[in-house]
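J.: Below is the structure I would like to discuss, written out as structure tokens.
Nothing in this text is a laboratory measurement; each read-out follows from the coordinates by a stated rule. This structure is a prediction, so every number in the text was calculated from the model and none was measured. Positions of Cβ are generated from backbone atoms using ideal geometry, with glycine treated the same way; all protein chains shown enter the neighbour counts.
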Amino acid sequence: MADSCLPASLDMNSLPIVRIDLNVPPLDQIIEALLPELSKNFKTVSVDVVQCPNLTCPPFNLAAEGLNGDETVIDIGSPSFLLPLVNLSKVYDIRDFTKVTGTDSLFVIGAGAGPWPHAGVNCEFIGNVQLTSNDSIKNNSSHIYKVDLQTESQVHNHLPQDETRFALLANFFTSRGLKGQVLKIVCETRNGPLDFVTSIRQALAKYFGNKPVGLGGVILIETSKVKVHVMRDFSKTPLHSETDLNNWLKFYEADTPLVGLGYLVSHDPDLDLRPQHFHLFSNHGVGGHYHYDTEPTTVKYTAYLNVAKKLIRVDQPEIAPLFDQNNNNHIMNSQFLFITFCSLSLNNHYYNQNCLLSRSYSVISIATVAPSLQQRNDFCPRTNLLNNCTQQLLLKIVFLHIKIIEIIDDNNCSMNTLNTWYANCQTPSRLDRQFTDDLLSILSNTLTVRTMNFTQV
Ligand SMILES: [Zn+2]
């Protein structure tokens with residue numbers, strides 16, 4: 001492919017950027033949060049504050065020595081740029097991060113989609129770059145993994161020094177790369193259901209609640225084997241469900257030792273964050289997206305992580321993805337709640353006249369849309385959310401619709417409250433937790449519904 005045919009990297013400063021201060025508890029408090037929870041999942045656990053080892057040495061081979069100085073986590077892009085079909089314009093450059101963070105001498109590590117214009121195909125990206133104060137590259141030790149088109153085996157490449165691009169979505173921990181104190185977490189022999197990263201994130205979420213704590217750094221997996229995936233080249237057919245996605249991804253059981261780079265954030269402050277993302281690399285040709293260890297009785301994890309002070313969300317899409325590997329149920333639920341609400345609002349003028357008619361109309365209108373998605377914009381004119389609707393999702397919507405209408409009938413409630421709220425909602429095109437929470441709270445307050453277990457719908 002000629003370079004002239006390839007998209008230029010997006011200017012990061014021209015993209016939407018949100019910066020927030022994270023909760024930065026003392027390291028001792030994080031230890032207090034982690035120890036009891038990790039001990040439920042691993043037989044042997046230790047969490048200590050230590051001086052960071054020199055991470056440029058084996059087995060880490062990172063681009064800078066430490067994880068300290070202006071610690072930040074960056075979530076850029078979204079799975080919705082990959083699914084259901086790829087958006088090839090979403091190519092970014094790590095060199096732009098100095099502008100975004102305001103930090104020079106930036107050390108960037110993390111996980112994302114690789115620079116397909118360089119690789120020729122879609123690939124996994126393990127970012128490992130140190131930039132100097134004038135955005136030039138001091139050390140680029142980044143990796144990509146791709147799937148061989150013929151053999152379907154993994155292909156590992158080091159990126160050239162001057163190739164700092166990535167694509168679509170990525171999650172980074174950035175710092176000045178200075179030596180300093182960090183958390184050392186060692187877990188051996190997994191006897192619980194959670195993988196290493198999830199167990200840390202959930203422990204923080206349990207302790208710190210809705211005050212988000214972000215950790216990033218490096219994980220060494222010395223023993224066991226590890227389930228990973230590597231993305232195949234971009235799918236030419238739309239990926240509409242998690243099943244489609246899993247059929248498209250190529251899964252492997254990778255031999256250790258493996259080194260992982262990435263971040264985790266304990267709570268999403270309504271930014272459609274990817275809550276955790278680590279990619280693994282090695283010197284023996286295998287790596288990819290970390291899922292979990294497959295030989296729990298022998299596994300040993302050693303992580304050096306530091307606490308991020310800031311979170312930067314770059315290029316958050318307006319519409320949340322339809323499904324997400326880490327948080328499938330929630331996104332599905334918010335999506336169909338939203339669509340249901342839109343259709344209720346559209347049909348509301350029937351309610352005041354004849355509830356029976358309204359029930360029939362609502363159900364029929366959705367059922368009509370289901371087999372014919374071209375009508376989606378007529379059905380739901382203020383959003384194109386039905387674009388990616390699966391049949392399964394539409395069935396859920398119909399079901400939920402009936403339930404809500406029954407509730408309204410039973411409570412003899414007017415639609416005024418819902419309509420007022422909807423009218424005040426200027427851009428109801430984003431699906432997020434706040435949106436779902438608002439809707440649930442209105443339903444529960446005005447319709448005296450205490451709990452609705454949508455996951456059973
Ligand atoms: Zn990944």
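J.: Counting only the backbone N, which residues of the stretch 117-156 are under 17 Å from the spot 7 Å out from the Cα of Thr237 toward its beta-carbon?
T.: none
J.: Which of Trp116, Trp248 comes first, and how do the rest follow, when ranked by fewest Cβ neighbours within 10 Å?
T.: By the 10 Å Cβ count, ascending: Trp248, Trp116.
J.: In angstroms, what radius of gyration and Dmax does the stretch 158-273 have, counting Cα atoms only?
T.: Taking only Cα atoms of the stretch 158-273, I get Rg and Dmax of 17.0, 48 Å.
J.: I need two numbers for the stretch 17-314: Rg to one decimal and Dmax as a whole number, Cα atoms only, in Å.
T.: 17.8, 51
J.: Tell me the label-point distance for the pair Lys227, Asn157, using the 7 Å Cα-to-Cβ offset, in nm and rounded to one decimal.
T.: For Lys227 paired with Asn157, the spin-label model returns 2.9 nm.
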